[in-house]
Every structure is written in C-alpha cells, then in structure tokens.
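Reading through the structure tokens given below for one structure.
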Amino acid sequence: MELELKDFELAQERLKPILHHTELDLSSTFSSMTGGKVYLKCENRQKTGSFKIRGASNKIAAMVERGEKCSVVASSAGNHAQGVAYAAKKFGIPATIVMPKAAPIAKVQATEGYGAKVVLAGDCYDDAYARACEICREEGATFLHPYNDLEVIAGQGTLGMEILGDLPAVDIVIVPAGGGGLLAGVAAAVKQLNPRVKVYGVQAEGADAIAQSFREGRLITTESASTIADGIAVKAPGDITVELIRRYADGVLTVSDTEIADAILLLLERCKQVVEPAGATPLAAVLSGRLDVKGKRVVCVLSGGNIDVSFIQSIIERGLVARHRRIKFVVTLVDRPGSLMQMLGVISSAGANILQLEHDKLSEGLNPNETNVHVSLEVGGEEHGDAVIGALREKGYVVESEI
C-alpha cells in the first residue's frame, strides 16, 4: 500500500489536458487576521466545481491505458458524481451514478449534463452504495470508489504538486478531510517532494472519524456524521487513506459548524469566493486559531464550490446574527392607530434598517387591546444593536425578549 513520486508525476501528465491549473491567491485580509501569509488554492474554480475530477480522471485514464474500457459506476450525491461523469465522458466510457432519492435536483441535472446516467435509489448514501454494487454485478461494470483507491488518491495528490510548483517556499498546507483521499494524496505527494512542509487535515467536529483514527493510530469509524459540511460527512474513512495519512500527515484538526459558516461568509465578503462548507474548513481552522500560522506561508485548499443557493442564504443569515449585525426582539404595543409608527420612528432615528415586522395578537398574557410586534433589524454591530434597544427603552418600550 504505497504511492511513489512517480505515481503522482504520471497522474499529473494524464491530467494536464483535462484540468484547470487553479490559482493560488494570496489573501491580504486573512494574512492580516492571522499574522501569516495565507494563500487560497482555489479548487472551487476547478472543472465540475471541485477537486474530485482529479481522482476520477486519473482512475479512468489508468483503466483505459490498461485496456479496461468497461462501464463505470459510482455512488454519490455530490462532487464525486460530477467528477466521474465528466471524466467518463471525456474518455468515452459509459457511466452510471447512483444517488439517493432525496438528492438535490440541481446536482442530478448537473451530473446528467456531464453525460452520465443517474439512478435514484434509497433514502441515504448507504442505500445508493448498495444499489451501485448491484449494478456492478449485473452489468460487469467497475465501481469507482470516491477515496479508498490508490489511483484515485494519486490523482488527488496532483493538487499538492501544483501547490509546491507555484509556491516552493510554502510552510504549511491545510486540506479538508472526509474519506481521506485528498488529504492522503496531498500529504504523500508533498512529503515526498519536500519533507519540510507540514500538511494538516481538517474535519468537522461532528464528523471526525479521521481525526480519531489519526490520534489512535488505527482505523476508526463513527456511528454518525452530523455537520453542515456534507462533502466531508463520512462515518467510515478508507483503510488505504487512513494508513497514508498516518504515515505522511502532521495532524488532523477539527472545527465547529459555526466556524465553518463564518469562514464561508468571510470568503464571500472579502474574497468574492463561493465555497462549499467542506472547502471552507481549512480557512476555518486558521481563523479560529486551531493552528498557529504566524510568520508562516500557509495554503488553505478550498476544495470545492458546489453549494446550494438556498444554503448560502442560510449561512448569511446565521453569520449576520453571530456578528450582531442582525437582531431580533419582541415589543408589546397598545393596539391603537399610530403606536407602531411611533416605535418605528425611534428605530429609524437610531439608524437601524428594518428587515421584518410581524404582529402577534394571540400570545398568552396579552390584553385585548395589546399586540406583540416581532422585529428583525439590520444594525452595524453589537454596540449599535445595544444602542437601538437602549433608545427604545428610554422611550418607555419594554423589549420582552431578545433572540
């Protein structure tokens, strides 16, 4: 179970006519926030929107070289599906992707748009995987594992070779980890090229099987994987990937969902980068101080950008509340003409922007002539929000609850 430098070099040659060479962007904002030089490896701008095309394309290219031109099957509801579909079409091989029935329509359509046949089966990934295995037996097809395959790992590792080619003096590379294919490949490639460079993986706190495996020095699976970072929500990492990570990586960190959400919002605001939750975990680790990068040249791998638009809205809402730029409270008013306008005048004079108002005359404890008004405001921060509440109280309003 070994990957040599020649395996990564061969993969790199295979992938040259297929991939974008994604940029390495130095962020002055994140550098000033951390005291290091923070570079972003923008794999969210890769073909199909993620790094997954690397491993899928290298695997299929290797199969074609060996004369294995049978159809391929994969089970995935995300980036692996699109990577396999694109690579299979590129090499003229039929591909079937099995997705759970609840897979987002946009992802189903994107996968079909790359030329694959999509089969919807079951309610979760495990059901889809079981159906994919059945199809392989029925049709004599080859199953393309998303991470626990040496040729897939070699393809993912080309990302590490690109980083060293663009920034030879890099000190630290930080990589998202779910099943472990990307971390295993990048760590193995980077360490064989330059052992001085530190390579760390990052997982969500609610899906930390690789972090546990690294600490214990053996493969550990978890009973659940609960996180907003669905791309790395893996309960059972690969035995191949865990062994390579144990051998080559310098550590595996964990971050909270709140820290991931904050990183997504900062990437949107400061860098104009659309990044999915899994891809934001390296930056979350740096900004939260999980890893001290002061005085270091560090590369955060933004592994993908396939995020639902509705989820972006949720992240923005969550981030604004966390930063005290959005406040919600309830005020009880006498239900008579002009009372609402008087309260809104106080809010307007305090410089807050009204986002939403909702009347509630049915709350328990209200008199017949009273109404509760649920108020959502946009403010400039915690100090401004406190000033708005204070202005209301000075005018005699009682803020019954703050959310």
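Here is a yes/no grid of residues against (1) in contact with a Ser or Thr (Cβ under 6 Å, 6 or more places away or on another chain); (2) aliphatic (A, V, I, L, M); (3) over 21 Å from GLY83 (Cβ atoms):
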{"position": "CYS133", "(1), (2), (3)": "no, no, no"}
{"position": "GLY140", "(1), (2), (3)": "no, no, yes"}
{"position": "GLN156", "(1), (2), (3)": "no, no, no"}
{"position": "LEU183", "(1), (2), (3)": "no, yes, no"}
{"position": "LYS198", "(1), (2), (3)": "no, no, yes"}
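Can GLN313 be described as over 12 Å from the mean Cα position of the chain (by Cα) and either hydroxyl-bearing (Ser, Thr, Tyr) or crowded, with 18+ Cβ neighbours inside 10 Å (or both)?
Judged against the criteria, GLN313 is not a match.
Kindly list, by first and then second residue, each pair from a residue in the range 207-220 that is among the hydroxyl-bearing types (Ser, Thr, Tyr) to a residue that is in a loop (DSSP other than H, G, I, E, B), limited to pairs with Cβ atoms under 9 Å and residues at least 6 apart or on different chains.
SER213/GLY180; SER213/LEU219; SER213/ILE220; SER213/THR221; SER213/PRO237
Of the conditions (1) within 19 Å of the chain's Cα centre (by Cα); (2) surrounded by fewer than 17 Cβ atoms within 10 Å (Cβ to Cβ); (3) over 23 Å from HIS80 (Cα atoms); (4) not hydroxyl-bearing (Ser, Thr, Tyr), GLU216 satisfies every one except a single condition; which number is it?
Checking GLU216 against (1) within 19 Å of the chain's Cα centre (by Cα); (2) surrounded by fewer than 17 Cβ atoms within 10 Å (Cβ to Cβ); (3) over 23 Å from HIS80 (Cα atoms); (4) not hydroxyl-bearing (Ser, Thr, Tyr), the one that fails is (1).
Going by what's in this entry, would ARG318 be described as out of contact with any strand residue (DSSP E or B) (no Cβ under 9 Å at 6 or more places or on another chain) and surrounded by 14 or more Cβ atoms within 10 Å (Cβ to Cβ)?
Spelling it out, ARG318 is indeed out of contact with any strand residue (DSSP E or B) (no Cβ under 9 Å at 6 or more places or on another chain) and surrounded by 14 or more Cβ atoms within 10 Å (Cβ to Cβ).
Would you point out the residue of the range 147-169, among those that are touching a Gly at 6+ places or on another chain (Cβ under 6 Å) and in a loop (DSSP other than H, G, I, E, B), that is farthest from ARG297 (Cα to Cα)?
Ranking the candidates gives ASN148 first.
For the range 84-100, check the following and say yes or no: at least one residue is small (Gly, Ala, Ser), more than 26 Å from VAL234 (Cβ to Cβ) and in contact with a Lys or Arg (Cβ under 7 Å, 6 or more places away or on another chain).
No; the residues of the range 84-100 include none that is small (Gly, Ala, Ser), more than 26 Å from VAL234 (Cβ to Cβ) and in contact with a Lys or Arg (Cβ under 7 Å, 6 or more places away or on another chain).
Are there any pairs with C-beta distances below 9 angstrom linking a residue in the range 226-249 that is at pLDDT below 90 to a residue that is of a type in the set (Phe, Trp, Tyr) and buried (at least 24 other Cβ atoms within 10 Å of the Cβ), with the two at least 6 apart or on different chains, and if so which?
Here the result reads VAL234/TYR147, each pair linking the range 226-249 to a residue that is of a type in the set (Phe, Trp, Tyr) and buried (at least 24 other Cβ atoms within 10 Å of the Cβ).
Which one of VAL186, VAL255 is over 20 Å from SER76 (Cα atoms), over 14 Å from the mean Cα position of the chain (by Cα) and either at pLDDT 95 or above or buried (at least 18 other Cβ atoms within 10 Å of the Cβ) (or both)?
Exactly one residue qualifies, and that residue is VAL186.
Can you name the number of the only condition in (1) hydrophobic (A, V, I, L, M, F, W, C); (2) buried (at least 21 other Cβ atoms within 10 Å of the Cβ); (3) touching a helix residue (DSSP H, G or I) at 6+ places or on another chain (Cβ under 7 Å) that LEU265 fails?
Against the list (1) hydrophobic (A, V, I, L, M, F, W, C); (2) buried (at least 21 other Cβ atoms within 10 Å of the Cβ); (3) touching a helix residue (DSSP H, G or I) at 6+ places or on another chain (Cβ under 7 Å), LEU265 comes up short only on (2).
Tell me yes or no: at least one residue of the range 276-298 is among the acidic types (Asp, Glu) and assigned to a helix (DSSP H, G or I).
no
Can you run down the residue pairs with Cβ atoms below 8 Å, 6 or more apart or on separate chains, where the first is in the range 272-283 and under 12 Å from ASP230 (Cβ atoms) and touching a residue at least 12 places away in the same chain (Cβ under 8 Å) and the partner is in a loop (DSSP other than H, G, I, E, B) and not small (Gly, Ala, Ser)?
Final answer for the pair search is GLU276/ASN306; GLU276/ILE307; PRO277/THR227; PRO277/ILE228; PRO277/ILE307.
What residue, among those in the range 324-338 that are surrounded by 14 or more Cβ atoms within 10 Å (Cβ to Cβ) and more than 16 Å from LEU355 (Cα to Cα), is farthest from the chain's Cα centre (by Cα)?
Once the filter is applied, the top-ranked residue is ASP335.
Residue check: is PRO100 closer than 23 Å to GLU276 by Cα, in contact (Cβ under 8 Å) with a residue 12 or more places away in the chain, touching a Phe, Trp or Tyr at 6+ places or on another chain (Cβ under 8 Å) and surrounded by fewer than 22 Cβ atoms within 10 Å (Cβ to Cβ)?
When the stated conditions are applied, PRO100 passes them.
Kindly list the number of the only condition in (1) surrounded by 13 or more Cβ atoms within 10 Å (Cβ to Cβ); (2) assigned to a helix (DSSP H, G or I); (3) of a type in the set (Ser, Thr, Tyr) that fails for SER348.
(1)
Look through the range 51-90, keep the residues that are polar (S, T, N, Q) and in contact with a Ser or Thr (Cβ under 6 Å, 6 or more places away or on another chain), and return whichever of them is nearest to ASP230 (Cα to Cα).
Per the criteria, the residue is ASN79.
ALA225: under 18 Å from GLY49 (Cβ atoms) and surrounded by 21 or more Cβ atoms within 10 Å (Cβ to Cβ), yes or no?
No, not satisfied.
Could you check GLU2 against (1) over 26 Å from the mean Cα position of the chain (by Cα); (2) surrounded by fewer than 18 Cβ atoms within 10 Å (Cβ to Cβ); (3) touching a residue at least 24 places away in the same chain (Cβ under 8 Å) and say which number it fails?
If we test GLU2 against (1) over 26 Å from the mean Cα position of the chain (by Cα); (2) surrounded by fewer than 18 Cβ atoms within 10 Å (Cβ to Cβ); (3) touching a residue at least 24 places away in the same chain (Cβ under 8 Å), just (3) comes out false.
The values are calculated or read from the model by the stated rules, or taken from the named source; none is laboratory data. Just so we're clear, the structure is a prediction, and the values are computed from it rather than from any experiment. Every residue, glycine as well, gets a Cβ built from its backbone with ideal geometry; the counts of neighbours run over all protein chains shown.
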